[in-house]
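Peer 1: The following block contains the structure, expressed as structure tokens.
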Amino acid sequence: MKPKILIVDDEPDICRVLEFLLKKEGYAVAAVSSGEDALQKIKEEAFDIVITDLKMGRVDGMQVLQRTREIAPDTAVIMVTAFASIESAVEAMKKGAIDYIVKPFLNEEIKLTIRKVLEQKKLIIENIALKQQISQRMTCKDFIVNSESMLKIFETLEKVIPTKSSILILGESGTGKGLIAELIHCNSPRRDKPFISINCSAIPEGLLESELFGYKKGAFTGAVSDKLGLIPLAHEGTLFLDEIGDMPPNLQAKLLKVLETGEVHPLGDTRLKTVDVRIISATNVDIEKRIKEGSFREDLYWRLNVIEIKIPPIRERKDEIEMLTQHFIDKFARGHNKTIKGIEQQATSLLLKYSWPGNVRELANVTERAVVLAQGSQITAMDLPDKLKKDTEPIEICSTLKTYLSDYEKNLLIKLYNAHNKNKEETANALGIDLVTLYRKFKKYGIEE
């Protein structure tokens with residue numbers, strides 16, 4: 001949805017110029033020529049920003065500001081005037097104006113101010129949601145584990161969860177790094193304290209610094225009150241830094257200092273805040289390569305990478321696909337109020353043959369789509385997207401070749417099984433498969449266990 005902006009100015013030319021400029025930037029814009037019309041408009045519609053002239057007729061900009069704060073406290077007000085004075089600027093800011101611009105203004109100045117205000121509003125909304133989340137004890141997430149590789153990861157997690165050691169989670173996008181971080185927190189001694197997550201690549205550098213470390217009122221334009229950063233908010237809890245590989249170098253230095261000293265220095269504050277935070281970080285990039293390129297600090301890397309957890313992509317643990325799919329079917333069937341119990345074998349075969357570049361996240365999306373489209377009690381191949389059906393047409397193979405390949409596989413299994421004194425784990429390792437696959441092949445060929 002486009003951000004909505006209301007322009008209030010008794011000079012028609014100003015209204016037209018601003019309306020044209022802001023619509024060109026992609027905003028939804030309305031313009032009125034009096035304070036009275038502005039207040040009526042604000043009562044009828046919700047606006048993200050009101051840009052109002054200070055000197056107008058019976059209802060001036062100050063009155064528009066005051067009434068807007070009462071009618072729609074979440075609406076940001078930018079004051080514009082040709083009568084610049086320190087007194088009016090101070091008064092406007094005291095009454096809640098988020099910024100103050102003097103005529104004549106540059107188009108770029110207006111555009112930049114609006115972008116900044118919208119970014120601040122977004123962070124405020126996220127902060128409110130964050131505080132609500134912090135006030136509640138977090139519920140642990142279910143995690144499906146069936147492959148040998150994931151079982152080994154969870155064996156490691158059992159040892160490190162009770163500690164306060166920093167953990168670096170590596171893995172492709174969609175493999176469940178965030179779920180692992182939540183699982184670590186909610187099984188740790190810090191479970192009753194905050195779990196705070198932030199994506200380092202999703203927030204501009206300037207905003208990321210204030211978001212992490214906080215700031216004092218007046219530290220910069222727009223800092224109208226103190227803000228507690230996410231690091232202090234996570235005190236005695238866990239801070240999850242997703243996509244840490246994309247953190248700007250100057251913030252890496254500040255984060256390193258926090259890890260070394262246990263102290264945070266908010267922007268514009270002369271005092272330090274002592275914090276006790278467990279850091280869990282994650283990335284899908286090659287950090288060691290970033291270190292060689294000079295874009296990531298090696299000393300920070302070793303501070304973050306006390307314990308390294310590498311999550312394999314789902315294409316390397318396909319034994320979990322059927323269990324994950326059934327888990328998602330149950331979840332989405334409840335969510336969409338549908339009576340779907342399972343999935344047909346032909347559809348399962350398509351899931352197993354697909355490479356899943358989006359990993360578990362993509363599997364969840366595909367399953368939800370299938371649940372929504374399914375007409376019967378089971379998901380069929382027709383309910384799956386076309387991309388899963390490409391290059392999966394059966395290839396005609398003569399029965400003699402099929403028989404030969406099956407016999408060869410069976411004989412190889414028996415030979416290696418006997419060679420390893422019927423030790424299944426050693427046999428699976430020799431074949432380069434996991435135990436679940438080995439058991440399935442034993443069952444297929446009727447090999448005695």
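The values are calculated or read from the model by the stated rules, or taken from the named source; none is laboratory data. Quantities reported herein were computed from a predicted structural model and do not represent experimental measurements. All Cβ positions, even for glycine, are placed from backbone atoms using ideal geometry, and neighbour counts span all protein chains on display.
Peer 1: Pairs please, first residue from the range 55-69 and within 14 Å of residue 41 (Cβ to Cβ) and in the same structural domain as residue 39 (by TED's automatic domain parsing), second anywhere and among the aromatic types (Phe, Trp, Tyr) and assigned to a helix (DSSP H, G or I), Cβ atoms under 9 Å, 6+ apart in sequence or on different chains.
Peer 2: none
Peer 1: A further question on this structure: Just to be sure, is residue 291 surrounded by 20 or more Cβ atoms within 10 Å (Cβ to Cβ) and out of contact with any Ser or Thr (no Cβ under 7 Å at 6 or more places or on another chain)?
Peer 2: no
Peer 1: Check whether at least one residue in the range 304-319 is polar (S, T, N, Q) and not assigned by TED's automatic domain parsing to the domain that holds residue 158, and report yes or no.
Peer 2: No, the range 304-319 has no match at all.
Here's the yes/no breakdown for (1) in the same structural domain as residue 121 (by TED's automatic domain parsing); (2) of a type in the set (S, T, N, Q); (3) under 23 Å from residue 220 (Cα atoms); (4) surrounded by 14 or more Cβ atoms within 10 Å (Cβ to Cβ):
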residue: 14; (1), (2), (3), (4): yes, no, no, yes
residue: 36; (1), (2), (3), (4): yes, no, no, yes
residue: 41; (1), (2), (3), (4): yes, no, no, yes
residue: 79; (1), (2), (3), (4): yes, no, yes, yes
residue: 93; (1), (2), (3), (4): yes, no, yes, yes
residue: 103; (1), (2), (3), (4): yes, no, yes, yes
residue: 108; (1), (2), (3), (4): yes, no, yes, no
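Peer 1: While we're here: Looking at (1) without any contact (Cβ under 8 Å) to a residue 40 or more places away in the chain; (2) exposed (fewer than 15 other Cβ atoms within 10 Å of the Cβ), find the lone condition where residue 113 falls short.
Peer 2: (2)
Peer 1: Would it be correct to say that residue 76 is touching a strand residue (DSSP E or B) at 6+ places or on another chain (Cβ under 9 Å) and either farther than 30 Å from residue 301 by Cβ or modelled with pLDDT of 85 or more (or both)?
Peer 2: Yes, satisfied.
Peer 1: Hey, among 353, 341, which residue is surrounded by fewer than 21 Cβ atoms within 10 Å (Cβ to Cβ), under 19 Å from residue 319 (Cα atoms) and among the charged types (D, E, K, R)?
Peer 2: The unique qualifying residue is 353.
Peer 1: Here's something else I'd like to know. Specify the residue that is surrounded by the most Cβ atoms within 10 Å (Cβ to Cβ); the eligible residues are those in the range 238-255 that are of a type in the set (A, V, I, L, M, F, W, C), farther than 16 Å from residue 173 by Cβ and under 18 Å from the mean Cα position of the chain (by Cα).
Peer 2: Here the answer is 239.
Peer 1: Can you go through 184, 196 and tell me which one is in a strand (DSSP E or B) and either in contact (Cβ under 8 Å) with a residue 12 or more places away in the chain or crowded, with 19+ Cβ neighbours inside 10 Å (or both)?
Peer 2: After applying the criteria, what remains is 196.
Peer 1: Specify the residue that is farthest from residue 179 (Cα to Cα); the eligible residues are those in the range 362-377 that are polar (S, T, N, Q) and either within 28 Å of the chain's Cα centre (by Cα) or modelled with pLDDT of 90 or more (or both).
Peer 2: 367
Peer 1: Need the failing condition index for residue 52 against (1) assigned to a helix (DSSP H, G or I); (2) of a type outside the set (A, V, I, L, M); (3) touching a residue at least 24 places away in the same chain (Cβ under 8 Å); (4) touching a strand residue (DSSP E or B) at 6+ places or on another chain (Cβ under 6 Å), just the number.
Peer 2: (1)
Peer 1: Hey, another quick one. What's the total number of residues in the range 43-58 that are farther than 21 Å from residue 99 by Cβ and surrounded by 14 or more Cβ atoms within 10 Å (Cβ to Cβ)?
Peer 2: Residues flagged as farther than 21 Å from residue 99 by Cβ and surrounded by 14 or more Cβ atoms within 10 Å (Cβ to Cβ) within the range 43-58 amount to 0.
Peer 1: Out of 415, 389, 402, I need the residue that is within 30 Å of residue 337 (Cβ to Cβ), of a type outside the set (A, V, I, L, M) and either modelled with pLDDT under 90 or in contact with a His (Cβ under 8 Å, 6 or more places away or on another chain) (or both). Which one?
Peer 2: Just a single option satisfies the conditions, and that option is 389.
Peer 1: Here's another thing I want to ask about it. Any residue in the range 225-247 that is in contact with a Ser or Thr (Cβ under 6 Å, 6 or more places away or on another chain), closer than 29 Å to residue 158 by Cα, in the same structural domain as residue 183 (by TED's automatic domain parsing) and of a type in the set (Phe, Trp, Tyr)?
Peer 2: yes
Peer 1: Output the residue which, of all residues in the range 154-175 that are farther than 20 Å from residue 245 by Cβ and of a type in the set (A, V, I, L, M, F, W, C), is modelled with the lowest pLDDT.
Peer 2: Per the stated criteria, the residue is 154.
Peer 1: Is there a residue being closer than 30 Å to residue 177 by Cβ, at pLDDT below 75 and touching a Pro at 6+ places or on another chain (Cβ under 6 Å) anywhere in the range 106-123?
Peer 2: no
Peer 1: Those residues that are closer than 25 Å to residue 179 by Cα and β-branched (Val, Ile, Thr), I need them from the range 210-256; list them, please.
Peer 2: 231, 238, 244, listed by residue number.
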